[in-house]
Amino acid sequence: MNAAKVVEDLKQRFPNEPEYIQAVSQVLPTIEEEYNKHPEFEKTNLIERLCIPDRIIQFRVTWVDDKGNVQTNMGYRIQHNNVIGPYKGGIRFHKSVNLGILKFLAFEQTFKNSLTTLPMGGAKGGSDFSPRGKSDAEVMRFCQAFMNELYRHIGPDEDVPAGDIGVGGREVGYMFGQYKKLTHEWSGVLTGKGIQFGGSLIRPEATGYGCVYFLQSMLATRNIDIKGKKVLISGAGNVAQYAAEKCIQLGATVLTMSDSDGYIYDADGIDREKLDYIMELKNIERGRIKEYVEEYPNAVYHEGKRPWYEKADIALPCATQNEINADEAQALVSNGVFAVAEGANMPTLPEAIKIFQDAKLLYSPGKASNAGGVSVSGLEMSQNSERLSWTAQEVDDYLKRIMNDIHENCVKYGTEKDGYINYVKGANVAGFMKVARGMMAQGIV
């Protein structure tokens, strides 16, 4: 395989999907050496089959708003690869959603799910509908209309969606209710469900907790304890909230959180009480992070900016894709940050990743460090199949074990001659090899 040629060919075929091309171009060079050790892969054109999704489902979603006006959005499901298990990946409701973004997410999800060691394939879906500013009734009607088409393409042994940006417990509940009505069956077809109807304990916390567990494993390779370290976190949604919670529990000081309007910096640290305020603000009141400084006036709000120019020890990007550019990466390095663990999907631009790696930072890509969410989604599927509910401690123990196993695989495939652990290469190769061997075993299908 010539990685550059494959990327160029895909760019010609899909010229209007920059995020998808970016994801592919970040993965293929890191697996090229390992791929070329297996001539049987090239003989079956495995790399092209792995890059292009099994199927892409697009549909119109028509719904009625509170004023009686008919609204139309696009709905998508990208079923990328199901060699290892049923398609598995989130549903995203956000105005930025388009085909290229979902293809990148589904591509990444395939490797992430492979890394978890659980039997899950890769998929992603969503809509350009945004719940922000909508009433509960409008969100319910949209979710029901979305599921009216999606239900034909999913199932507990076919494709099991979960939540993502813009899709939390409320949206999952509405979609699950409509799925039941349409199919006349109760099955574990969606994960992230409420505890009362088949959800798993620790699922809301899983991505944020898992990110910090992975961070701990990274720090341990240099005999560093997270206790007492200063942490920059972007985002104020589910992942950011629980990453902050776990950091606080472990004795770290969280300095920042953000949303799409700007970020807050609290030199005193965001403690348990302050985090509870943020959780209520974002989860219940659906407010903006700038309101934090009204409650805690010692903090500073920075309009329209991201937190990467502040001094700290650790950075956890937990907001969205492409939120750390080269200048911000250089600022993080210059300001003393020695570890970056991604809680979001592809939040770091390629040129920023190079800066981190050249500086020998501990840097982990999202497919490794944010795999905790889909891991516990997989555990929710297991509990649904067994018709059992595990305790929070049981699920948390499984989560810690999975994140440790992912870290070990990254170290196995990513340790370079000078001892530096290239977590990007390690994660990509480990995830790829499991999928590739499965594809070879199952033939040309």
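All of VAL70, VAL83, VAL61 fail the test of being modelled with pLDDT of 95 or more, open to solvent by 60 Å² or more (accessible area, probe 1.4 Å) and of a type outside the set (D, E, K, R), apart from VAL70.
Highlighted here are the strands (runs of 3 or more DSSP E) found entirely within segment 1-120 that include at least 2 residues which are within 25 Å of PRO350 (Cβ to Cβ): 70-81, 87-93.
As for segment 214-231, it holds no residue that is closer than 17 Å to GLY166 by Cβ and either over 17 Å from the mean Cα position of the chain (by Cα) or not hydrophobic (A, V, I, L, M, F, W, C) (or both).
Taken over segment 412-445, the residue count meeting the criterion of being within 21 Å of the chain's Cα centre (by Cα) and either of a type in the set (Lys, Arg) or open to solvent by 10 Å² or more (accessible area, probe 1.4 Å) (or both) is 5. Within segment 151-164, take every residue that is over 19 Å from VAL83 (Cβ atoms) and either among the charged types (D, E, K, R) or within 20 Å of the chain's Cα centre (by Cα) (or both) and give me the one that is surrounded by the fewest Cβ atoms within 10 Å (Cβ to Cβ). Among those residues, the one meeting the criterion is ARG152. Taking the listed residues ILE56, ILE21, the one that is in contact with a helix residue (DSSP H, G or I) (Cβ under 6 Å, 6 or more places away or on another chain) and either touching a residue at least 12 places away in the same chain (Cβ under 8 Å) or of a type in the set (Gly, Ala, Ser) (or both) is ILE21, with no other qualifying. A count restricted to segment 294-312 and to residues that are part of a loop (DSSP other than H, G, I, E, B) and among the aliphatic types (A, V, I, L, M) stands at 2. Could you say whether any residue in segment 128-150 is within 30 Å of ASN404 (Cα to Cα) and open to solvent by less than 30 Å² (accessible area, probe 1.4 Å)? No, because not a single residue in segment 128-150 is within 30 Å of ASN404 (Cα to Cα) and open to solvent by less than 30 Å² (accessible area, probe 1.4 Å). The residues in segment 344-383 that are assigned to a helix (DSSP H, G or I), polar (S, T, N, Q) and open to solvent by 10 Å² or more (accessible area, probe 1.4 Å) can be counted, and the count is 2. Scanning segment 24-47 for residues that are in contact (Cβ under 8 Å) with a residue 60 or more places away in the chain and among the acidic types (Asp, Glu) yields GLU34, GLU40.
The values are calculated or read from the model by the stated rules, or taken from the named source; none is laboratory data. Given the structure is predicted, the values throughout are model-derived calculations rather than measurements. Glycine gets a Cβ as well: all are built from the backbone with ideal geometry, and neighbour counts include every protein chain shown. Remember, those area values only see protein heavy atoms, side chains included, never the ligands or the DNA or RNA. Shrake-Rupley method; radii C 1.70, N 1.55, O 1.52, S 1.80 Å.
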